[in-house]
Amino acid sequence: MRIVLLGAPGAGKGTQCKYIVEKYRLLHLSSGDILRRHRAQGTALGKKAQSYMDSGALVPDDIIIDMMIDEIARAPAGGYVLDGFPRTVKQAADLDKALESKKQKIDAILNLQVNEKIIVRRITGRRICPKCAAVYHVENLKPRVDGKCDKDGSLLLQRPDDTAEVVITRLKNYNEQTAPLVDYYKRKNTVFDIDANEEAENVRDLIFRKLAPLA
Ligand code: AP5
């Protein structure tokens with residue numbers, strides 16, 4: 001299965017991807033996580049992406065498309081879930097071209113829909129482990145020991161783009177540049193609109209019901 005997760009920043013894409021990849025044994029390809037890995041390793045790509053990411057802007061298409069098409073080409077035959085990519089119509093069209101050249105297509109698009117007030121609470125309360133990238137939330141998903149990762153004990157951090165100010169820019173960019181992808185995909189693929197305002201396990205169950213006929 002090849003799945004794309006669409007949804008505003010903080011909609012819960014990463015959270016739901018973890019459930020999906022575990023159940024269906026797929027590869028999780030998160031463009032945001034891959035970019036953060038490049039930054040942590042100090043690569044040229046990571047350095048180029050840094051200022052865009054911290055200000056809440058999208059990284060330019062040419063950088064992202066090459067990076068993600070390369071990751072997808074190395075994915076196992078079982079399939080993958082794309083999280084955060086594509087994010088512009090240009091990215092989606094280039095992805096389609098790359099897939100068509102291999103006689104492949106995206107099987108399902110999951111469009112996570114969340115009210116903006118909930119999004120702001122989810123993003124500003126998120127904390128991440130800088131070592132293993134585990135995700136927590138100060139209210140909804142607390143670590144066992146306050147401020148420390150359950151898996152490796154590292155001190156949890158707030159992402160630089162998770163402040164209330166940067167969230168406004170990210171949401172604006174999402175509405176202008178990424179939301180049009182829903183119509184792009186509705187013209188040619190199977191798109192499932194998912195009410196993702198509920199708690200994570202309820203959203204997961206809704207997604208599993210939609211994906212069941214495709215598995
Ligand atoms: P990226 O890392 O992709 O960020 P994003 O899309 O803004 O998404 P988030 O990671 O913020 O949120 P999410 O939907 O995964 O939510 P999560 O599950 O963590 O991108 C970062 C930056 O990289 C971009 O701004 C851009 O600069 C660049 N970039 C990346 N891809 C790009 C591309 N294709 N093109 C150009 N630039 C690109 O959940 C959030 C919080 O809420 C967590 O704390 C979680 O525990 C909690 N939570 C989740 N679900 C629920 C629930 N149902 N109920 C209660 N709490 C919940």
Scan 193, 205 and give me the residue that is exposed (fewer than 15 other Cβ atoms within 10 Å of the Cβ) and without any contact (Cβ under 8 Å) to a residue 40 or more places away in the chain. 205
Within segment 120-137, track down each residue that is farther than 16 Å from residue 83 by Cβ and either touching a residue at least 40 places away in the same chain (Cβ under 8 Å) or touching a Gly at 6+ places or on another chain (Cβ under 8 Å) (or both). 120, 124, 127, 130, 137
Going by the conditions given, is residue 158 at pLDDT 95 or above and closer than 30 Å to residue 104 by Cα? no
Could you name every one of the strands (runs of 3 or more DSSP E) located completely within segment 26-115 that has at least 2 residues being open to solvent by 40 Å² or more (accessible area, probe 1.4 Å)? 27-30
Inside segment 2-25, the number of residues satisfying the requirement of being within 14 Å of the ligand (Cβ to nearest atom) and not in a strand (DSSP E or B) is 14
So, of the residues in segment 150-176 that are part of a helix (DSSP H, G or I) and open to solvent by 70 Å² or more (accessible area, probe 1.4 Å), which turns out to be farthest from residue 60 (Cα to Cα)? 165
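For every residue, the table says whether it meets (1) touching a Lys or Arg at 6+ places or on another chain (Cβ under 7 Å); (2) modelled with pLDDT of 95 or more.
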site: 11; (1), (2): no, yes
site: 22; (1), (2): no, yes
site: 36; (1), (2): no, no
site: 45; (1), (2): no, yes
site: 58; (1), (2): yes, yes
site: 61; (1), (2): yes, yes
site: 67; (1), (2): no, yes
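The values are calculated or read from the model by the stated rules, or taken from the named source; none is laboratory data. Predicted, not measured: the structure shown is a model, and the values here were computed from it. Glycine gets a Cβ as well: all are built from the backbone with ideal geometry, and neighbour counts include every protein chain shown. With ligands, DNA and RNA removed, areas are computed over all heavy atoms of the protein, side chains included. Shrake-Rupley method; radii C 1.70, N 1.55, O 1.52, S 1.80 Å.
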